[in-house]
1. Using only alpha-carbon positions, what ratio does the radius of gyration of segment 168-271 give when scaled by 2.2 N^0.38 Å?
2. Taking the Cα atoms of the chain alone, what are Rg (to one decimal) and Dmax (as a whole number) in Å?
3. Count the lysine pairs in the chain whose Cα atoms sit under 20 Å apart, keeping only pairs 8 or more residues apart in sequence or on different chains.
4. Using the alpha-carbon centroid of each, what span in Å lies between segment 1-63 and segment 192-250?
5. Suppose every K and R has +1 on its Cβ and every D and E has -1 on its Cβ; what is the size of the dipole of the chain about the Cα centre, in Debye to the nearest 20?
6. What order do you get for 7-18, 254-265, 195-206 when each peptide is scored by the mean count of other beta carbon atoms within 10 Å, highest first?
7. List ASP306, ASP25 from most exposed to least, where exposure is judged by having the fewest other Cβ atoms within 10 Å.
8. Quick check: net charge around SER277, other residues with Cβ under 15 Å of its Cβ, Lys/Arg +1 and Asp/Glu -1?
Amino acid sequence: MLQSKGYGATSADDALHHLDFQRRDPGPHDVQIQIQYCGVCHSDLHTVRNEWGNTVYPVVPGHEIVGRVVAVGNHVTRHKVDDIVGVGCMVDSCQRCDACGIGLEQYCENGFVGTYNGEEMHTGGMTYGGYSDSIVVHEKFVLRVPDKLDPAAAAPLLCAGITTYSPLRHWKVGPGQKVGVVGLGGLGHMGIKLAHAMGAQVVLFTTSPNKREDGLRLGADEVVVSKDAEAMARHENSFDFILNTVAAPHSLDAFLVLLKREGTMTLVGAPATPHPSPQVFNLIMKRRHLAGSLIGGIAETQEMLDFCAEHGIVSDIEMIRMDQINEAYERMLKSDVKYRFVIDMATLD
Ligand code: NAP
Ligand code: ZN
């Protein structure tokens, strides 16, 4: 077994602290990665605090991983030692079901293996994520990080990037469309950059009036403070698509009424408790759609990284030391993130 160290929690009310643990030795199809950077996703916080009710402790979070390949198994063909690579939210899936067959590993009918808090297919133990010095991953779940991308600022693309890219592509966002992004956090700021690069007219909805300038700088054509009823009313019946990234329960009706006939609002935010049920009339009167979307497949994640390289897109990051992680979680809860924390893993001791 491979001796690893990282930061994790041993219970829901425990702060993150140093943990030593073991990973499997690299098998013939595995890549061993020395982790350089790991983004901090709100899902890490939901999991550490068991807000989704499924956490197995100890948990070592982190699924926005960038690092350097230090060893490869003898059947590995896609990656080689010294490559800069990424790992996102999944490290395995059954590879046999219909979903895996068409590159939708995130919807694997037998359940994909999460990068952390997942059940290892090889050992039956739990997976441990990227707040750590190294990771061992099947080569199929390892992404190439294009040279053009700064590796630290590329780390958040592995979750925040793909989680926003996938629905924007699935619902065919492009020129001539009016697209809303709700919430300016890690996911939201990537949603704005990507929708803008895809050619859409982008409107940011935020609860934080002080984020207006940033919203415009990141690529929004307009910023609406969602508590301002008059400003909201001016946008009724006008959106083709709305991407809702908010991490807390709120009224969906406020946004559904902004969709035009047959428009879609897709939820990617995953709050600990449900949103109040929306008014059925807000859906049926204009045949509107309310949908959801989970991260993205492996091939699509590579496509997103290549798209970002081509368009010069990375995350806006605030680099932190590993021992600043608990403080970063508190700031994330106050919507005080500009716009993704990334841990410099060289600071892990
Ligand atoms: P984040 O950085 O904390 O951003 C969330 C944003 O939501 C905040 O910045 C804030 O934006 C807004 N917000 C927070 N509390 C709010 C409230 N009470 N009312 C209204 N708006 C509020 O989080 P993130 O990392 O982007 O993640 C967002 C959510 O997506 C989390 O629930 C996470 O678990 C989930 N997620 C889902 C997937 C998926 O595959 N579907 C993947 C990754 C993450 P403003 O200040 O602009 O209002
Ligand atoms: Zn995430």
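Values quoted throughout were computed directly from the atomic coordinates according to the rules given, and no laboratory measurement underlies them. What you see is a predicted model, and the numbers here were worked out from it, not measured in a lab. For neighbour counting, all protein chains shown are included, and Cβ atoms are generated from backbone atoms with ideal geometry for every residue, glycine included.
1. So the Cα radius of gyration is 0.94 times the expected 2.2 N^0.38 Å.
2. Rg and Dmax of the chain, Cα atoms, are 19.7, 63 Å.
3. Lysine pairs satisfying the spacing and distance rule in the chain number 16.
4. Distance between centres, Cα-based: 33 Å.
5. Taking the Cα centre of the chain as origin, the dipole is about 980 debye.
6. Per-residue mean Cβ counts within 10 Å order the peptides as 195-206, 254-265, 7-18.
7. Working: ASP306 15, ASP25 12.
Fewest-to-most ranking of ASP306, ASP25: ASP25, ASP306.
8. 0
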